[in-house]
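Here's the structure, in structure tokens; my notes come after.
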């Protein structure tokens, strides 16, 4: 066991790091689902857009300005998407809202394709984060070490926000019962907007960490991390923030160990890599079928 | 007269709420039985248990003497909800069929908050309810080999709609009908499944006095015509007292009284439940 | 049958016969490389798959995103079955593997097998997945489609699927002949015939008793169940049948493109088809068909200029460059989703009465001006 751990140390480390990045994206999914019962298909693409915006901004601005700017612009993007594509459909059937979300995802990807000309854009090296370090004999980048701490810190802040502020209370009320909280005078639209802003903020931070590691951005590079984050959210019990975070870490670590070449069932990891994405889906389906409420989700009863 | 439906110690519990508590009742063939009680007394939940929408926490439901639903709680729930005879229902295996199977047995229902097929015409709403009894497989249906059967279904639908005086409205969208007509259509749709036991969930809700009058004689008529047994939930006391043979009264999930309309009317507990008990301040 | 209904059928028959006649005449007269044929062929294939999606999403109310996966199964099945033995034995296609399928079949057997293979996959996938509710169902079917794609690219299955490499030289549109002769079948006419028959079957299904049961499930699951309709059986039926036709359309798409590769069947394809269905109107068969032809005509033909530098005579290479067409497209789609959510046809069908009423209205407006 110790041997296994030591051999795969670098994969564990990058697993924890990727898991932290997924966690930040997953929170966006899980919060929106908790409130609107909507799988925000466009969330992964918002994450991708944050990466592209960073590429363009950092070309002319120093990091001290471009990083906060990226986070701010992404938050605005999330706000605008909700305002334009979801709010008009508030009373429409659920399928229409999902189609609208798919439409937004399609639009963002095509917009990115147009502006980048379909080429992969090189992500800027953020000095401090890109530096390499040695831990227990494994060489890795600083970002790998920083990510889990950033994630945990942000999650703690978010939890505090939700537990102890007025808007947090409103969010909890809305996710519990949409109509009643509306009747109680909660400004639903404001709560939803803020949810989208928070989700996009976290996605922007995640994009900073994620793309520093992967070094390039393409129009479709948001869809896979987005999906994995979504799987994490479902695994943890959609609607639950701690669930999403724990789910994300588990998925990040498993994925990296599979990729890293650990031998499973006698087949070396390299034989499984073509399946690493398919595995995520298989995992998702198993969770949905065996325990659709996830680790921390609540069961709901349909009223007849 | 033989028992058509029997509920034996049925308990339905959601989380911490016990919606139906140890309910035992029975309906005999050819009767009109009413289930009454204040809002939230668990009447609709009892209906949902009978029709298989919910799985009761404990108890058995028998149709014509055969257990169609039987369940027993386990673990901690057992101590709380299995009553005095905790092992009464645990011996045989749990059946719990889906609602469609119960409908096939001959129990049809209507809904409190009318659930018609929104996008369909009046005619198609009733025709769809005949699908269950179709013998043709999907191939002979698609290739119209079974068109004789389709023709028969259409004929039966016509008879049913003419009988309910809905024939003139056959091409209207079901949801565009006035409220009273929608209730009638729902009953017609339930009758299309050829039930022996009809469960009506607040058939008079939202009807004006005249419509309620008509409904009373209507229920009697269909009961005789289709040799039905009727179990209904109703708030409209005039109607209940006039047409039912027996009445069960639920309050907070528990049975508080049963008997003929006269007996129930004079029962002190029923009066308390409906009017509230004067509290000593 | 009353008079009005009979007239309706006669008109419908005449209209359909006219469409096929025109296709045949066009094929005799125009050069086969004409862009029109590309649009007609691809449009017909997309019509079929859009109608199959509509059967599932529009008529049964099941939000499935697995269509690309079932098309892939159909395309591969068709390509592997109809590829001549000689080609399989040579290393022109199976360069790195030895193909284990030692026989080849005709076009029709291939098409039906393609449908059946997709239906089989759907049956198995449906068993666990169809118990899930709306958006969970969507994401689970999307997941299965991706898993199917990964499995077909897996090199362990190489002897069957040729791994991640192309399949070609099977009986594509340029290689089909009338039975027992060497006379080539007119391509567009062939595609129209196959798609026409399939769509007709779906229409017959929708108007049958089973079709009504599907619509009942869409309208109200609880009420449908209370009317004795077994939810699971009917959902599974709808899912399997829809996938059968998705499989056939996948095979047709393979015939049209001359090659098959798993990469072509990404979830983007499903999204595209779903958006076509939305444009046409969820619950309208004719809407799906019209939207398919429109979509293909716009993207393959009329809006090409948006990518090529010149559009409507305006020359602006900086704006009209590669990718602009798809951007414009996605904006149009968002506008439709948000402001015309009922699509072109809503849930109505194209009919003589409706068309003539529409024409009359339009002309009266003109006269008034």
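The table for this structure:
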{"item": "Lone qualifier among C:352, C:301 - being more than 30 Å from residue A:86 (Cα to Cα), surrounded by 11 or more Cβ atoms within 10 Å (Cβ to Cβ), in contact with a helix residue (DSSP H, G or I) (Cβ under 6 Å, 6 or more places away or on another chain) and at pLDDT 80 or above", "result": "C:301"}
{"item": "Matching option when the condition is in contact (Cβ under 8 Å) with a residue 24 or more places away in the chain and within 14 Å of chain B (Cβ to nearest Cβ), among C:214, C:192", "result": "C:214"}
{"item": "Test: residue in segment C:60-67 that is in a helix (DSSP H, G or I), within 14 Å of another protein chain (Cβ to nearest Cβ) and within 14 Å of residue C:244 (Cβ to Cβ)", "result": "yes"}
{"item": "Criterion: within 23 Å of the chain's Cα centre (by Cα), touching a residue at least 12 places away in the same chain (Cβ under 8 Å) and under 30 Å from residue A:91 (Cα atoms) - qualifying residue of A:223, A:130, A:207", "result": "A:223"}
{"item": "Some residue of segment B:108-122 being part of a helix (DSSP H, G or I) and over 30 Å from residue B:66 (Cα atoms)", "result": "yes"}
{"item": "Those strands (runs of 3 or more DSSP E) lying entirely in segment B:1-59 with at least 3 residues within 14 Å of another protein chain (Cβ to nearest Cβ) and at pLDDT 90 or above", "result": "none"}
{"item": "Residue in segment C:320-335 that is in contact (Cβ under 8 Å) with a residue 60 or more places away in the chain and in contact with a helix residue (DSSP H, G or I) (Cβ under 7 Å, 6 or more places away or on another chain) present", "result": "no"}
{"item": "Any hit, segment A:42-57, residues being surrounded by fewer than 19 Cβ atoms within 10 Å (Cβ to Cβ), in contact with a helix residue (DSSP H, G or I) (Cβ under 8 Å, 6 or more places away or on another chain) and either more than 21 Å from residue A:125 (Cα to Cα) or at pLDDT below 95 (or both)", "result": "yes"}
{"item": "Total residues in segment A:271-293, condition more than 11 Å from chain C (Cβ to nearest Cβ) and either modelled with pLDDT under 70 or surrounded by 18 or more Cβ atoms within 10 Å (Cβ to Cβ) (or both)", "result": "0"}
{"item": "Single match in C:240, C:222, C:194 (criterion: surrounded by fewer than 24 Cβ atoms within 10 Å (Cβ to Cβ) and out of contact with any helix residue (DSSP H, G or I) (no Cβ under 7 Å at 6 or more places or on another chain))", "result": "C:222"}
{"item": "Residue list for segment B:169-207, restricted to those being farther than 20 Å from residue B:45 by Cα and assigned to a loop (DSSP other than H, G, I, E, B)", "result": "B:170, B:171, B:172, B:177, B:178, B:192, B:193, B:194, B:195, B:196, B:206, B:207"}
{"item": "Qualifying residue in segment B:82-99 (condition: within 30 Å of residue B:125 (Cα to Cα), within 14 Å of chain C (Cβ to nearest Cβ), surrounded by 15 or more Cβ atoms within 10 Å (Cβ to Cβ) and at pLDDT 90 or above)", "result": "yes"}
{"item": "Residue check, residue C:232 out of contact with any strand residue (DSSP E or B) (no Cβ under 6 Å at 6 or more places or on another chain), assigned to a helix (DSSP H, G or I) and surrounded by fewer than 23 Cβ atoms within 10 Å (Cβ to Cβ)", "result": "yes"}
{"item": "Boolean, residue C:143 is at the interface with another protein chain (Cβ under 9 Å from one of its Cβ atoms) and either buried (at least 18 other Cβ atoms within 10 Å of the Cβ) or modelled with pLDDT of 90 or more (or both)", "result": "yes"}
{"item": "Failed item, numbered, when residue C:99 is tested on (1) away from chain A (no Cβ under 14 Å); (2) under 30 Å from residue A:38 (Cβ atoms); (3) over 19 Å from the mean Cα position of the chain (by Cα)", "result": "(2)"}
{"item": "Members of segment A:68-91 that are within 12 Å of chain C (Cβ to nearest Cβ) and either at pLDDT 90 or above or surrounded by 15 or more Cβ atoms within 10 Å (Cβ to Cβ) (or both)", "result": "A:81, A:83, A:84, A:85, A:86, A:87, A:88, A:89"}
{"item": "Unique match (being modelled with pLDDT under 90 and either within 14 Å of chain C (Cβ to nearest Cβ) or touching a strand residue (DSSP E or B) at 6+ places or on another chain (Cβ under 6 Å) (or both)) among B:143, B:111", "result": "B:143"}
{"item": "Some residue of segment A:112-124 being within 16 Å of residue A:207 (Cα to Cα), within 14 Å of another protein chain (Cβ to nearest Cβ) and at pLDDT 90 or above", "result": "yes"}
{"item": "Qualifying residue in segment C:151-161 (condition: touching a residue at least 40 places away in the same chain (Cβ under 8 Å), within 22 Å of the chain's Cα centre (by Cα) and either within 14 Å of chain B (Cβ to nearest Cβ) or within 30 Å of residue A:282 (Cα to Cα) (or both))", "result": "yes"}
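Results for (1) more than 27 Å from residue C:227 (Cα to Cα); (2) in contact with a strand residue (DSSP E or B) (Cβ under 6 Å, 6 or more places away or on another chain); (3) touching a residue at least 12 places away in the same chain (Cβ under 8 Å), shown as yes or no for each residue.
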position	(1), (2), (3)
B:214	no, no, no
B:232	no, yes, yes
B:235	no, no, yes
B:238	yes, no, yes
B:249	yes, yes, yes
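Yes/no per residue for (1) assigned to a helix (DSSP H, G or I); (2) within 12 Å of another protein chain (Cβ to nearest Cβ); (3) farther than 30 Å from residue C:106 by Cβ:
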site	(1), (2), (3)
C:204	yes, yes, no
C:223	yes, yes, yes
C:228	no, yes, yes
C:239	yes, no, no
C:250	yes, no, no
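The values are calculated or read from the model by the stated rules, or taken from the named source; none is laboratory data. The structure displayed is predicted, hence computed values, not measured ones. When we count neighbours, we look across all protein chains shown, and the Cβ atoms used for this are built from the backbone with ideal geometry, even at glycine.
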